[in-house]
Amino acid sequence: MPLIGRFAWTGGSGGVNLYLGNERGADGIVPRQDVPVTYGARYRDSVQVFAEQVYRVAIFGDGPQPARVAPSDVSRYWTGRALEEIVADPARWLGLMTRKAAFLLGNRELPNNRSFAFALADDAPWLGALLVRWWLLLALAGAGVYALHHAARRDRGAWRAAAGPLVLIALHAAGVLLFFVNARYRLPLWPALAALAGVGLIPHVRRDA
């Protein structure tokens, strides 16, 4: 809100990242720009520079260019481009979303600027002592959902008690799927899944639990 003057669900680069995560050439992992850009002496995120440059050409062409464009306008333009890409080939987009879902649920940690494998080998080898891996966390979280379902037969408040982690998992997973899937983006799912996994470790959820 301080940046663009009104509340927005995503930041100023939300629209362009939605486009890069869903365009016809997207792989679901890395935001690849259509054209390379340079940002001069002062560092700026290349995706942000790309988004603004293309927006200026599309809206103002060769005419006078304003000194500053609103991030919300740039984001709205790219959101529209993303929706056009989806509508143009919905079968391809559904296939891409299926691919992203497989990456999200898969045990392989997809690297971004850092990876678990790198940290394990060169930065924090003690991480190798951890017993929990993604596949185990998912399995125990599934057991936790089953335990909640079993408990809800006796007490409907069981689902309400777990509403926080469940809503967090659903919303964050949806955000990851809509944009990009890699290790650091799905990392916030670990604590919420761990809460469900703890329930899954309990053979029977007591009525007063």
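The values are calculated or read from the model by the stated rules, or taken from the named source; none is laboratory data. Just so you know, these numbers come straight off a predicted model, no measurement behind them. All Cβ positions, even for glycine, are placed from backbone atoms using ideal geometry, and neighbour counts span all protein chains on display. Surface accessibility is based on the protein's heavy atoms, side chains included, excluding ligands, DNA and RNA. Shrake-Rupley method; radii C 1.70, N 1.55, O 1.52, S 1.80 Å.
Assorted remarks:
- In terms of accessible area, using a 1.4 Å probe and ignoring ligands and nucleic acids, Thr79, Thr38 rank largest first as Thr38, Thr79.
- Relative contact order of the chain, pairs being alpha-carbon contacts under 8 Å that are 6 or more residues apart, as %: 25
- Annotation for segment 89-132: trypsin sites (Lys or Arg not before Pro) lying in DSSP loop with at most 14 further Cβ atoms inside 10 Å of their Cβ are Arg108, Arg114.
- From helices alone, the chain scores -17000 deg cm²/dmol at 222 nm; the rule is -39500 (n - 2.57) for each run of n ≥ 4 DSSP H residues, then divide by the residue total.
- Evaluated over the Cα positions of the chain, the convex hull gives a direction-averaged projected area, one quarter of its surface, of 16.3 nm².
- Counting only protein heavy atoms and a 1.4 Å probe, segment 135-188 has 56 square angstrom of accessible area per residue.
- Sulfur and carbon atoms: percent of accessible area, segment 72-198 [1.4 Å]: 69
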